[in-house]
Amino acid sequence: MRISVVAWCCVFAIGGVVWGQDEPVKVAEATAKEYAVEKVVPEYPTMARQLKLSGKVEVEALIDLKGKVVKVEIVRGNPVLGSAAAAAMKKWTFSPFVVDGKTRRALTTITFNFTL
């Protein structure tokens, strides 16, 4: 069965997917922090304290239309510290990101600095 290009365009338009509009807008860390309504500080993991681990952890967060963090990935840093950073990041909330008058999902990277 063949479906024409016009039919596919209609399927995508009806489903709310318009090319490029479903992709999250990339937001710089400084801008994301300005939009942050609630910033949760990560708890220093007990094991990391015992091992005297410190350093920076970078996490990437996907933020939905309402400003809730829906996905977090550790980009770089110690995995023990990374899990604490990811858990804290999931609790952050943001004001909605608006581009050209439309609320958009956002993708940002936040760096947490763990020091003893």
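Derivation of every value follows stated rules applied to the coordinates shown; laboratory data play no part. As the structure is a computational prediction, the values presented were derived from the model and not from experiment. Cβ placement follows ideal geometry from the backbone for every residue including glycine, while neighbour counts extend to all protein chains displayed.
Below are the figures for this structure:
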| quantity | calculated |
| --- | --- |
| Selection from region 58-86 of residues that are in contact (Cβ under 8 Å) with a residue 12 or more places away in the chain and more than 12 Å from the chain's Cα centre (by Cα) | Lys66, Arg76, Gly77, Asn78, Val80, Leu81, Gly82, Ser83, Ala84, Ala85 |
| Check on Ala106, surrounded by 13 or more Cβ atoms within 10 Å (Cβ to Cβ), within 15 Å of Val41 (Cα to Cα) and of a type in the set (Gly, Ala, Ser) | no |
| Residues within region 49-63 that are assigned to a strand (DSSP E or B) and touching a Ser or Thr at 6+ places or on another chain (Cβ under 6 Å), tallied | 4 |
| Residue in region 31-64 that is nearest to Leu116 (Cα to Cα), counting only those that are among the hydrophobic types (A, V, I, L, M, F, W, C) and loosely packed, with under 15 Cβ neighbours inside 10 Å | Leu51 |
| Residues that are surrounded by fewer than 20 Cβ atoms within 10 Å (Cβ to Cβ) and over 30 Å from Ser54 (Cα atoms), drawn from region 86-103 | Ser95, Pro96, Val98, Val99, Asp100, Gly101, Lys102, Thr103 |
| Residue pairs meeting the criteria (Cβ under 7 Å; at least 6 apart or on separate chains; first part of a helix (DSSP H, G or I), in region 31-48; second hydroxyl-bearing (Ser, Thr, Tyr)) | Ala32/Thr108; Tyr35/Ser95 |
| Complete set of residues in region 67-85 that are crowded, with 17+ Cβ neighbours inside 10 Å and part of a strand (DSSP E or B) | Val69, Val72, Ile74 |
| Matching residues, region 87-102, being in contact (Cβ under 8 Å) with a residue 60 or more places away in the chain and either assigned to a loop (DSSP other than H, G, I, E, B) or under 28 Å from Leu116 (Cα atoms) (or both) | Ser95 |
